[in-house]
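Working notes, structure below.
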Amino acid sequence: MTIKKQSSEVLIVGAGLSGLALATQLVNKGIDVQVIEARSRSGGRMFSVVSTKNNTDSAYFDMGPSWVWPGQPLINRLLKLMNIDVFEQYSTGNLVYEDEQGLVRRDHDYSTMAGSLRVDGGMQLIINRLKESLPESSVLESHQLMDVKTFGDSIMATVKTRRNTIQFQSKKIVFCVPPRLTATSISFQPKLPTDVIQSLKSIPTWMAGHGKLTAIYDQPFWREMGLSGDAISRQGPLMEIHDASPQNLECGALFGFVGFPAHSPEREPSVLIDNAIKQLGRLFGPHAANPVDIFFQDWALEPFTATQQDALSGHHPDYGLTDNIKLMCSRGIYFSSTETSSYSGGFIEGALEAAESTAQLIVSQSN
Ligand SMILES: Cc1cc2nc3c(=O)[nH]c(=O)nc-3n(C[C@H](O)[C@H](O)[C@H](O)COP(=O)(O)OP(=O)(O)OC[C@H]3O[C@@H](n4cnc5c(N)ncnc54)[C@H](O)[C@@H]3O)c2cc1C
């Protein structure tokens with residue numbers, strides 16, 4: 001095992017939206033940063049896939065977040081700055097409703113997500129642009145933080161790569177990782193105070209218990225049937241479905257959130273995909289039972305997103321940091337994922353707000 005050493009003023013853990021946005025803001029203020037990311041890709045919960053089937057290889061499908069909203073200033077400003085187009089969630093036509101007995105009705109003139117916006121090219125585009133704007137090698141993927149030691153005003157982080165163990169020295173370390181995951185997967189020396197660990201563990205990771213399935217078709221045929229692509233089902237396996245077609249309509253797509261709990265036998269991928277295809281056929285007709293491609297992302301099984309506790313998804317909590325967690329900055333330790341934002345916490349907008357407030361705090365302390 002080789003031990004290499006690297007140093008930076010600020011070590012940012014996690015190259016999701018909050019980590020990358022924080023890195024760009026600190027770099028713009030002349031602060032030297034290093035971002036480390038455990039996965040072999042950046043983006044975290046923002047994750048778009050591309051289908052190689054049926055010539056749809058320029059269409060990206062979001063397996064994490066799909067929507068932003070017009071009233072969110074930070075994400076709309078960032079999209080404008082990056083010249084990234086948004087388009088309205090398709091919501092013209094009727095919603096399909098399936099009751100507990102499997103009775104299907106297609107006469108509800110109602111849309112659950114009307115007015116929300118989708119990103120042309122998928123959410124991954126935002127991540128790619130942020131990454132490209134940073135100096136070369138400032139984001140290291142497949143670099144997993146294992147433990148953190150603090151000595152006086154210096155921090156030493158042990159990071160595992162595919163081949164090596166690397167020690168990163170910095171003055172500050174920022175966890176752009178869900179708080180609960182930080183508390184359960186990273187070891188600290190000296191240990192974090194017990195009340196801080198408890199507070200971090202009590203913050204649920206937004207959407208971490210969810211599963212999302214996307215079915216791709218040659219075209220959005222449901223639109224010609226007078227349907228919006230929205231569906232609500234009391235039978236499942238998908239409980240809430242929406243149109244996920246790309247803006248240029250080079251193909252059609254429907255996505256659905258899985259209604260069965262994480263780790264249940266009904267969520268086993270082959271069972272789930274089989275039943276979801278049958279369900280799509282019941283809801284949208286026989287054409288829907290023949291997708292050209294299908295993707296399933298089970299976020300509850302992602303070790304760099306979800307903890308055991310996150311398997312139970314609940315209502316949107318009030319997010320933000322308690323004072324005991326905030327006080328950790330006196331040791332050079334900061335927390336800055338979307339869950340730390342009391343404004344729009346959980347959402348993309350919250351990840352940007354967390355980045356903005358952490359950047360302001362670090363810059364003010366550096367002056
Ligand atoms: C299915 C789903 C649907 C969603 N829908 C929406 C929506 O429509 N609109 C919306 O606004 N929001 C939505 N969200 C929430 C949105 O995705 C998040 O708010 C946002 O992506 C959070 O970004 P983040 O950077 O704070 O955290 P994350 O994206 O979780 O980033 C954390 C990063 O830390 C990395 N990491 C973890 N552990 C380590 C380690 N030990 N060492 C190094 N790196 C590590 C992870 O790999 C990850 O890249 C959805 C989320 C999901 C899962």
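Things worth noting here:
- Filtered residues of the stretch 280-307 (kept if over 14 Å from His210 (Cβ atoms), buried (at least 22 other Cβ atoms within 10 Å of the Cβ) and within 12 Å of the ligand (Cβ to nearest atom)): none
- Unmet criterion (only one of (1) out of contact with any Phe, Trp or Tyr (no Cβ under 7 Å at 6 or more places or on another chain); (2) away from the ligand (no atom under 14 Å from the Cβ)) for Ile325: (1)
- Of Pro286, Pro265, Pro237, all but one fail to be more than 25 Å from Gln89 (Cα to Cα), without any contact (Cβ under 8 Å) to a residue 60 or more places away in the chain and not polar (S, T, N, Q); the exception is Pro265.
- In the stretch 143-161, residue surrounded by the fewest Cβ atoms within 10 Å (Cβ to Cβ) [restricted to those that are away from the ligand (no atom under 14 Å from the Cβ) and not aliphatic (A, V, I, L, M)]: Gly152
- Members of the stretch 121-133 that are in a loop (DSSP other than H, G, I, E, B), at pLDDT 95 or above and not hydroxyl-bearing (Ser, Thr, Tyr): Gly122, Met123
- Qualifying residue in the stretch 21-35 (condition: at pLDDT below 95 and either surrounded by fewer than 21 Cβ atoms within 10 Å (Cβ to Cβ) or not in a strand (DSSP E or B) (or both)): no
- Residues satisfying the stated conditions in the stretch 164-203, i.e. in contact with a strand residue (DSSP E or B) (Cβ under 7 Å, 6 or more places away or on another chain) and hydroxyl-bearing (Ser, Thr, Tyr): Thr165, Ser170, Thr182, Ser187
- Answer residue from the stretch 342-355, given it is closer than 17 Å to Ala23 by Cβ and not charged (D, E, K, R) and is nearest to the chain's Cα centre (by Cα) among those: Ile348
- The residue of the stretch 199-237 that is surrounded by the fewest Cβ atoms within 10 Å (Cβ to Cβ), among those that are outside the structural domain of Ala253 (by TED's automatic domain parsing) and away from the ligand (no atom under 16 Å from the Cβ), is Ser202.
- For Asn76: the one exception among (1) in the same structural domain as Gln247 (by TED's automatic domain parsing); (2) without any contact (Cβ under 8 Å) to a residue 12 or more places away in the chain; (3) in a loop (DSSP other than H, G, I, E, B): (3)
- Selection status of Val49, surrounded by 14 or more Cβ atoms within 10 Å (Cβ to Cβ) and away from the ligand (no atom under 16 Å from the Cβ): no
- Count of residues meeting criterion [farther than 23 Å from Met46 by Cβ, in a loop (DSSP other than H, G, I, E, B), polar (S, T, N, Q) and touching a Leu at 6+ places or on another chain (Cβ under 9 Å)] in the stretch 93-118: 1
- Residue in the stretch 10-18 that is part of a helix (DSSP H, G or I), closer than 30 Å to Leu254 by Cα, within 6 Å of the ligand (Cβ to nearest atom) and assigned by TED's automatic domain parsing to the domain that holds Thr182 present: yes
- Selection of the stretch 24-46 for residues being in contact with a helix residue (DSSP H, G or I) (Cβ under 8 Å, 6 or more places away or on another chain) and away from the ligand (no atom under 11 Å from the Cβ) yields Thr24, Gln25, Leu26, Lys29, Ile31, Val33.
- Gly345 within 10 Å of the ligand (Cβ to nearest atom), assigned by TED's automatic domain parsing to the domain that holds Ile197, under 27 Å from Met123 (Cβ atoms) and outside any helix (DSSP H, G or I): yes
The values are calculated or read from the model by the stated rules, or taken from the named source; none is laboratory data. Here the structure is a predicted model, which is why all the values come from computation and not from measurement. No Cβ is skipped: glycine too gets one built from the backbone with ideal geometry, and neighbour counts run over all protein chains shown.
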